[in-house]
Amino acid sequence: MTPGGRVPQARLVLSLQHASKTFGAVRALQDVSLDLFAGEAHALVGENGAGKSTLVKILAGVYRPDEGVLVVDGRGVFLDNPADARDAGIAIIYQEPLLFPDLTVEENIYIGRQPLTTGRRIDRRAMRRHVEEVFGRLGVRLDPGRIARGLSIAEQQIVEIGKALSLDARVIVMDEPTAALSAVEVARLFGVVQSLRAGGTAVLFISHRLEEVFELCQRVTVLRDGRWVTSGPLADMTSDGLVRAMVGRDLLEREPEEQSIGDTVLRVERLTREGVFTDISFDVKAGEIVALAGLVGAGRSEVATAIFGIDRYDAGAVTVNGRRLRRASPTAAMSAGIGLVPEDRRQQGLVMDMSIARNIALASMRSLRRLGMISGGAERRFAKDWALRLQLKYGRLSDPADSLSGGNQQKVVLAKWLARRPSLLIVDEPTRGIDVGTKAEVHRLLDVLAAEGVAVLMISSELPEVLHVADRILVMREGRIVTELAHTDASEEAIVAAATGQLREEAA
Amino acid sequence: MNAAADSVRRTPVVGRLSSGRLIDLAYRARAFGILAALAVLIVVTSAIQPRFLSGNEVNIVLGNTTILALLSLGEAMVVITRNVDLSVGSVLGLAAYASGNIFGHLHGMSTGTSIVIAFLVGIGVGSACGVLNGALVTIGQVPSLVVTLATLYIIRGIDIWIIGGGQVVASSLPDAFFELSLKSFYNVPYLALAVGAVVCVGAYHMRSFRSGRDLYAIGSNPQAARLVGIPTGRRVFTAFVVSGALAGVAGVLWASKYGTLDSTAGTGYELSVIAAVVIGGVAIFGGSGSVIGAALGALLLNTILAALYVVGVSPFWTQAISGALILVAISIDRVITLQLTSALRRRRVRAAAA
């Protein structure tokens, strides 16, 4: 039997065999194999953190696998850097391509390898001809002479695909290309993929949107927790089966802990930011933990930063403890009692070069001030108190925050906000990159906070965490809340189905 | 959907240009803008003081522009790669002294030969400084702002150490060397013509050769430039060497123009050079602009200085006005960029709605 559903006479173009990759203690990829045939569109699916990105980076020549072989066109190849991958005929189309904004489209495609006339001058006419020929083959209309600045993401991807074609790439990897595209642009991209397939190129298509996978691809490979789960023709699969393969692990049960839910602390009404999120309405009560679940890019963090006033919103209202919050003002959000523990703690949560004590005290300067000055002693006592409460493991409080482990850094960020005694705490991916032990501690801390009457809004991409910690779960998809699940009705399958759009729209 | 479509129909279409043409036009408008400013300046000034259009005055302005334009050419190449060369004033000073001084050691040689040797000495000194800058920036991975700030002082220090309190006096230089700067063709100095030709060669190189286009790519997106395999280190290094060599040549011209040289020659000149480059439309963060624009910027700057002088404005104002001009140039760039970005976004929304 032929390996690919609709590609009978397929030739094996690329074969990754038994690849493994570890980073420190983290096994990102374990014994993963992948075959790509000429003319097929092959889907690579899995939850966040399943190892898709690592696999892409191996094919891109960015990471070298610890074990495993890569065979391209029947020859074993070693990819030490991106140039090797290019020479092997592998091209990667990233979600947000790296173009030269000041150069023209045709130069972006041909920079460094422009066709030359005698005397080593650039042959602009030949360059234009080649680019028009490539765009013709792809069936796209894009002015090769325009400057890349201002191109939409979709157009930038077309430029990258054009470059791949002009390099005679036989394998084109598209890493979540549709995440930032409109429906029209997705349709156009799919047209381009069909032309690529017709020309014998193998396309590895990564997407969280399962309907796209079924529409575009012939075969699929599923990864879970860094391991290969299954590969096969999509014609033989149902979307339920695919979701089960992606999730497929035992669910964590949360010990039911009765909590007294109080008054509404946060009310969000019809919050909209054009092109990012639409019509977001929900509320969070005192003592309640509400999770925003969904895929990366569904607009969850953007909602959080809009509530906190870092980003503007175009319509809607945010009310905290009955008072309408001024938009686009983090200061107003802070004085209303909101704390935000951001997703990227190294960049946004901490001042890495500053001491642990300073970091903890940073948001409480006002209360620590005496006659307009901050005394070092008061700051240290304050920090020590909070470090003790959160069981922070540190050398000296005067060490830079950089010296702490990821989990302890997160505790410093939490301490910084808890010290302000917030009535609402927004935590974005609170346990990303944190070891299992500290993770449990952070979860316990959130539980304790809720028990003390703090309203908690948590954003998390880790489903076990969402199920374990949250009282209510709001699932977002493409900028909208698509469903709300009570803790008791929630399951990983239900969340994944809603987040990937497999859910039948409930009566609106 | 209908409402959106309606509003699209009602929005007047901004010409019937494609997005690309729109941007091209905006970029071209930069050069036209400088020429227009020059034209306005000349018309207004000569209306106030007709002497401004006299052959003598034109000769002086062009003569002053040659050195600045030559330095701006090299500086533009460096700035386009998202770097900066602050040492050009000091390099000019050292090269001017070295080339002027060499005549004292060339007894018995024909004047022609000794002038050639003076140029070679100037280029050699300038290139050596460029190699130093380029090596520190590319091999040492030190930001060029810091490197060339340091070499600005170091090279000036060497200059002072060699010259001490002394100076090269005009009488030790051959007359033919001075005549280089004096001779002109219908009030256009020969040197201005030569520098114009050099600028054109530079522009042609930047436009039509891979090594020139690579400079734009590096300045536009350094990370992407490395990823597509552009030899970024070698290109940036070369840009610094070219900038140094041109500063060396400019030093020789300085010696020929002023004759009397002490250790302060060219002090602070780097700021005029950067001003000319920015006024000429080269983006200070690299990636766009042209060497012709930079040379025109030098011409505009000198024309303004001459105009203010001719109409009798105090020298204090000339400095303030050059500063204002830089702000105007940058504001125009910023406004154009913002307008373009929003125009393009509207276009895209419309295309998506269609």
Item to complete: With the checklist (1) among the β-branched types (Val, Ile, Thr); (2) within 21 Å of A:Leu446 (Cα to Cα); (3) touching a strand residue (DSSP E or B) at 6+ places or on another chain (Cβ under 9 Å) in hand, flag the one item A:Ile360 doesn't pass.
Response: (3)
Worksheet entry | Test set (1) farther than 18 Å from B:Ala96 by Cβ; (2) among the hydroxyl-bearing types (Ser, Thr, Tyr); (3) buried (at least 21 other Cβ atoms within 10 Å of the Cβ) - B:Ser256 fails condition number | (1)
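Could you identify the single residue in A:Asp385, A:Asp344, A:Asp402, A:Asp314 that is among the acidic types (Asp, Glu) and farther than 25 Å from A:Leu445 by Cβ? Let's see the steps before the verdict.
Working: A:Asp385 fails: farther than 25 Å from A:Leu445 by Cβ; A:Asp344 fails: farther than 25 Å from A:Leu445 by Cβ; A:Asp402 fails: farther than 25 Å from A:Leu445 by Cβ.
Just one listed residue meets the conditions, A:Asp314.
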Response to the item:
The lone condition A:Arg421 fails out of (1) on the phi > 0 side of the Ramachandran plot; (2) of a type outside the set (Gly, Ala, Ser); (3) in contact with a Ser or Thr (Cβ under 6 Å, 6 or more places away or on another chain) is (3)
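Here is a list: B:Ser256, B:Ser290, B:Ser272. Which entry is among the small types (Gly, Ala, Ser) and more than 19 Å from the chain's Cα centre (by Cα)?
Details: B:Ser290 fails: more than 19 Å from the chain's Cα centre (by Cα); B:Ser272 fails: more than 19 Å from the chain's Cα centre (by Cα).
Result: B:Ser256 is the single residue among B:Ser256, B:Ser290, B:Ser272 that is among the small types (Gly, Ala, Ser) and more than 19 Å from the chain's Cα centre (by Cα).
Against the condition within 14 Å of chain A (Cβ to nearest Cβ), among the β-branched types (Val, Ile, Thr), in a loop (DSSP other than H, G, I, E, B) and in contact with a helix residue (DSSP H, G or I) (Cβ under 8 Å, 6 or more places away or on another chain), how does B:Ile230 come out, does it pass? First the steps, then the outcome.
Values: within 14 Å of chain A (Cβ to nearest Cβ): yes; among the β-branched types (Val, Ile, Thr): yes; in a loop (DSSP other than H, G, I, E, B): yes; in contact with a helix residue (DSSP H, G or I) (Cβ under 8 Å, 6 or more places away or on another chain): yes.
Criteria met by B:Ile230.
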Practice prompt. Considering only residues that are facing chain A (nearest Cβ under 7 Å) and more than 23 Å from A:Arg125 (Cα to Cα), look in the stretch B:207-226 and name the one that is surrounded by the most Cβ atoms within 10 Å (Cβ to Cβ).
Written response: B:Ser220
Item to complete: Look through A:Asp80, A:Asp143, A:Asp102, A:Asp73 and report the one residue that is among the acidic types (Asp, Glu), touching a Gly at 6+ places or on another chain (Cβ under 9 Å) and touching a residue at least 60 places away in the same chain (Cβ under 8 Å).
Response: A:Asp73
Item to complete: Could you list all residues from the stretch B:296-328 that are in a helix (DSSP H, G or I) and of a type in the set (Val, Ile, Thr)?
Response: B:Thr303, B:Ile304, B:Val310, B:Thr318, B:Ile321, B:Ile326, B:Val328
Worksheet item: Exactly one of (1) within 30 Å of B:Tyr216 (Cα to Cα); (2) modelled with pLDDT under 80; (3) outside any helix (DSSP H, G or I); (4) of a type outside the set (A, V, I, L, M, F, W, C) is unmet by B:Pro12. Its number?
Response: (1)
Worksheet item: When you scan the stretch A:306-375 for helices (runs of 4 or more DSSP H) that lie fully inside it, which ones turn up with 1 or more residues that are hydroxyl-bearing (Ser, Thr, Tyr)?
Response: A:330-335, A:365-368
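Against the condition hydrophobic (A, V, I, L, M, F, W, C) and surrounded by 20 or more Cβ atoms within 10 Å (Cβ to Cβ), how does A:Ala440 come out, does it pass? Full working, then the answer.
Values: hydrophobic (A, V, I, L, M, F, W, C): yes; surrounded by 20 or more Cβ atoms within 10 Å (Cβ to Cβ): no.
So A:Ala440 does not fit the description; no.
How about the stretch B:102-220: which helices (runs of 4 or more DSSP H) wholly inside it have at least 1 residues that are touching a Cys at 6+ places or on another chain (Cβ under 9 Å) and of a type in the set (Ser, Thr, Tyr)? If you could, list the steps in order and put the result at the bottom.
Working: elements: B:111-138, B:144-163, B:175-182, B:190-208, B:210-220.
Once the helices (runs of 4 or more DSSP H) in the stretch B:102-220 are filtered for at least 1 residues that are touching a Cys at 6+ places or on another chain (Cβ under 9 Å) and of a type in the set (Ser, Thr, Tyr), what remains is B:144-163.
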Item to complete: Name the residue, out of B:Ala283, B:Ala250, that is small (Gly, Ala, Ser), assigned to a loop (DSSP other than H, G, I, E, B) and either away from chain A (no Cβ under 14 Å) or buried (at least 19 other Cβ atoms within 10 Å of the Cβ) (or both).
Response: B:Ala283
Worksheet item: Does any residue of the stretch B:226-247 turn out to be farther than 30 Å from A:Val62 by Cα, over 17 Å from the mean Cα position of the chain (by Cα) and among the hydroxyl-bearing types (Ser, Thr, Tyr)?
Response: no
Worksheet, complete the sentence: Of (1) within 13 Å of chain B (Cβ to nearest Cβ); (2) surrounded by fewer than 22 Cβ atoms within 10 Å (Cβ to Cβ); (3) more than 11 Å from A:Val105 (Cβ to Cβ), A:Ala198 satisfies every one except (1)
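Return the only residue of A:Leu223, A:Leu210 being among the hydrophobic types (A, V, I, L, M, F, W, C), under 18 Å from the mean Cα position of the chain (by Cα) and at pLDDT below 90.
Values: A:Leu223 fails: at pLDDT below 90.
Every option except A:Leu210 fails the conditions.
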Discussion item. Take the residues in the stretch B:20-77 that are in contact with an Asp or Glu (Cβ under 7 Å, 6 or more places away or on another chain) and more than 23 Å from B:Val188 (Cβ to Cβ); name whichever of them is modelled with the lowest pLDDT.
Written reply: B:Gly20
Worksheet entry | One residue from A:Ala180, A:Ala164, A:Ala187 being within 14 Å of chain B (Cβ to nearest Cβ) and either in a strand (DSSP E or B) or more than 22 Å from A:Pro144 (Cα to Cα) (or both) | A:Ala180
Worksheet item: In the stretch B:133-147, is there at least one residue being in contact (Cβ under 8 Å) with a residue 24 or more places away in the chain and under 26 Å from B:Glu57 (Cα atoms)?
Response: no
Fill in: Hits in the stretch A:124-158 (condition: more than 35 Å from the chain's Cα centre (by Cα) and at pLDDT below 90)
none
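Tell me, which helices (runs of 4 or more DSSP H) wholly within the stretch A:23-123 include 3 or more residues that are modelled with pLDDT of 90 or more and either out of contact with any helix residue (DSSP H, G or I) (no Cβ under 8 Å at 6 or more places or on another chain) or within 14 Å of chain B (Cβ to nearest Cβ) (or both)? Reasoning before the result, please.
Details: elements: A:52-59, A:82-87, A:105-110.
The helices (runs of 4 or more DSSP H) meeting that bar are A:52-59, A:105-110.
Given the residues A:Ser239, A:Ser260, which is the only one that is of a type in the set (Gly, Ala, Ser), modelled with pLDDT under 90 and buried (at least 16 other Cβ atoms within 10 Å of the Cβ)? Before you say what the answer is, go through the steps one by one.
Numbers: A:Ser260 fails: buried (at least 16 other Cβ atoms within 10 Å of the Cβ).
Going through A:Ser239, A:Ser260 in turn, just one is of a type in the set (Gly, Ala, Ser), modelled with pLDDT under 90 and buried (at least 16 other Cβ atoms within 10 Å of the Cβ): A:Ser239.
The values are calculated or read from the model by the stated rules, or taken from the named source; none is laboratory data. In this text, all values refer to a predicted model and were calculated from it rather than measured experimentally. Positions of Cβ are generated from backbone atoms using ideal geometry, with glycine treated the same way; all protein chains shown enter the neighbour counts.
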